[in-house]
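Shown next, in structure tokens, is the structure this report addresses.
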Amino acid sequence: MNGGTYLRTAPIWAFDLRTGHYNVPFGFGIGRVTKVGRSVFNIFIEPQFTILHDGVGQPAFQVYTALNMQFY
């Protein structure tokens, strides 16, 4: 995409081999990389919906977001 904007997907599947519990999310998000002076900022947000899960306390929905900064 133009101007440092990008689409992303990075769901993290979790499997507990000891108990057999698992969580398989599906996510799709958007991010942006921008430069301010000599510093580079990367921020994104990605909603994730659980499509398969087993076990107590497994989330049905979660939001994965981050801000990465590189200073020179």
Of the candidates L67, L52, the one satisfying the condition of being modelled with pLDDT of 95 or more and either open to solvent by 60 Å² or more (accessible area, probe 1.4 Å) or among the basic types (K, R) (or both) is L67
Of (1) modelled with pLDDT of 95 or more; (2) out of contact with any strand residue (DSSP E or B) (no Cβ under 6 Å at 6 or more places or on another chain); (3) of a type in the set (F, W, Y), F44 fails just (2)
If we keep only residues of region 37-72 that are over 13 Å from the mean Cα position of the chain (by Cα) and charged (D, E, K, R), then the residue nearest to H21 (Cα to Cα) is D54
### Task
Using the structure shown, decide if G27 is open to solvent by less than 60 Å² (accessible area, probe 1.4 Å), over 18 Å from the mean Cα position of the chain (by Cα) and modelled with pLDDT of 90 or more.
no
Only one of (1) among the small types (G, A, S); (2) closer than 22 Å to M69 by Cα; (3) surrounded by 15 or more Cβ atoms within 10 Å (Cβ to Cβ) does not apply to S39, and that is (3)
Apart from one, (1) out of contact with any Gly (no Cβ under 9 Å at 6 or more places or on another chain); (2) farther than 24 Å from M1 by Cβ; (3) in a strand (DSSP E or B) all hold for N23; the odd one out is (1)
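In region 8-19, what residues are within 19 Å of Q48 (Cα to Cα) and either open to solvent by 100 Å² or more (accessible area, probe 1.4 Å) or in a helix (DSSP H, G or I) (or both)? Reasoning before the result, please.
Of region 8-19, the ones within 19 Å of Q48 (Cα to Cα) are 8-15.
Those that are within 19 Å of Q48 (Cα to Cα) and either open to solvent by 100 Å² or more (accessible area, probe 1.4 Å) or in a helix (DSSP H, G or I) (or both): I12, W13, F15.
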Selection from region 26-36 of residues farther than 18 Å from Q70 by Cα and either touching a residue at least 24 places away in the same chain (Cβ under 8 Å) or assigned to a strand (DSSP E or B) (or both) yields F26, G27, G29, I30
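The values are calculated or read from the model by the stated rules, or taken from the named source; none is laboratory data. Small disclaimer: the values here were computed from a predicted structure and weren't measured. Ideal geometry is used to build each Cβ from the backbone, glycine not excepted, and the neighbour counts take in all protein chains shown. Areas reflect the complete protein model, heavy atoms only, side chains present, ligands, DNA and RNA absent. Shrake-Rupley method; radii C 1.70, N 1.55, O 1.52, S 1.80 Å.
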